[in-house]
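Notes for the one structure printed next.
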Amino acid sequence: MFRSRLAWFYLLFVVLIWGLGEFVGERTLPTLLLAYAPAVLWLLPAPFALLWTALRKRGFAVALAGTLLAAWGAGFLHWTPQKAGKLRVLNYNVNSGYRSTPGRLAAVLKNANADVILLQESNFQPPGYLEALTRAMPGYTSRSAVEVMTLTRLPVLSSGTVDLPGNQREVLMTRLQWRGEPLSVVNAHLGTIQVLDALAGEFAFLQVARDRRAAQIQVLTGVAARTSGRVLLGGDLNTPPRGLIYRQLQQAFGPDAYAQAGRGPGWTFPGLHVRIDHQMARGLRPTRATVLSAQESDHLPLVVDYR
């Protein structure tokens, strides 16, 4: 009887983990950790469950169902049709330039051929880095706020900033003109949830970080509510593609572009195998979303084509 119980246990385990992370999410600290932990972890028991049930010739179909569900939750089964678009937007946390040079970073950005570039951690530390980078990006107009920067080849109508509570960052809002109509672009870098804090027993700090992020989400949803017409949110949102905050952002700004037009798990922070950098748009249709294999930061660039 144990042989079939193992398969059922694994399937129910994956369903429970996915359900708690998705629908309870940030409401409690334990489910917050489930939502923000790398989803690939739930695949780790799969080889043992599949091998055990195959050898015992009992429960293999149930173990396979659990494996497929875990693989789907981790994004490995994500595969959507793609085609070129008319507007290309890139967002990239550039780690303050520590892992790159202005020339190498500019080469990555120019090779992507994006109409709009959203950078986070753009508080470049080496002296002269920012000036060298902008000189290496002819044809782009730049707007900056605290720790974020937007470069664009489109006409700039206006720009402004809003403070993010709980840190020293700002949201940068740039109103552009595309195809004869305004397009509002919101560049944001939200606070981080450090899952490793739980392993160190720092639950009080984890709760503070969660509450700060909730306040930051209120700022962003307020921006979306006050912005009419087409709007695009992009940046390092430090949010996996599940949980309550993820759904709140989509309700405010529109669907996740990678969910609609990406392929595979799309890890933008490969060190932890998570996708935490996003683009969400209202009034635009994503046609292709790709994570580039650049080596200039601890993050990877996300490039989305829209129509």
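Some points to look at:
- FRET efficiency, 1/(1 + (r/R0)^6) with R0 22 Å, evaluated for LEU272 and ASP211 via beta carbons: 0.45
- Potential lengthening between TRP8 and VAL162 on full extension [0.36 nm per residue; Cα-Cα distance subtracted]: 50.5 nm
- With both labels modelled 7 Å from their Cα along Cα-to-Cβ, the PHE48 to ALA65 distance reads 2.2 nm.
- If R0 is 35 Å, the Cβ-Cβ spacing of ARG135 and GLN251 corresponds to a FRET efficiency of close to 0.30.
- Once C-alpha pairs closer than 8 Å and six or more residues apart are averaged by separation and normalised to the residue number of the chain, the relative contact order reads 21 percent.
- Length gained on full extension, PHE76 to LEU16: 19.7 nm, using 0.36 nm per residue less the C-alpha separation.
- Of the peptides 145-151, 187-193, the order by per-residue mean of other Cβ atoms within 10 Å, starting with the highest, comes out as 187-193, 145-151.
- Each residue of region 31-38 was assigned a 3J(HN,Hα) from its phi angle through the Karplus expression (A = 6.51, B = -1.76, C = 1.60, θ = phi - 60°), giving 6, 4, 5, 5, 5, 9, 5, x Hz with x at Gly and Pro.
- Segment LYS83-PHE203, length gained on full extension (0.36 nm per residue, minus Cα span): 38.7 nm
- Cα gyration tensor category, rounded, prolate or oblate, for region 80-141 with a/c compared to 1.5: prolate
- Peptide ranges 80-86, 259-265, 51-57 listed from the most packed, as the mean C-beta count within 10 angstrom indicates: 259-265, 51-57, 80-86
- The antiparallel fraction among DSSP beta bridges confined to region 87-306 stands at about 80%.
- For region 87-306, size of Cβ-based charge dipole, Lys and Arg +1, Asp and Glu -1, in debye: 700 debye
- As a rough guide to protection, the peptides 8-16, 94-102, 118-126 ranked by mean Cβ packing within 10 Å, highest first, stand as 118-126, 94-102, 8-16.
- Over region 256-307, the pair-distance histogram of Cα-Cα distances with 5 Å bins from zero comes to 5, 23, 32, 21, 13, 6, 1 percent, rounded to whole numbers.
- Percentage relative contact order, region 81-132, counting C-alpha pairs under 8 Å, at least six apart: 51 percent
- Of the trypsin sites (Lys or Arg not before Pro) found in region 138-221, the ones in coil according to DSSP and having at most 15 other Cβ atoms within 10 Å of their Cβ are ARG153, ARG179.
Bear in mind that the values in this text are calculations on the coordinates, not laboratory data. Fair warning: this is a prediction, and the values are worked out from it, not measured in the lab. Don't worry about glycine lacking a Cβ; one is built from the backbone with ideal geometry, like all the others, and counts go over all protein chains shown.
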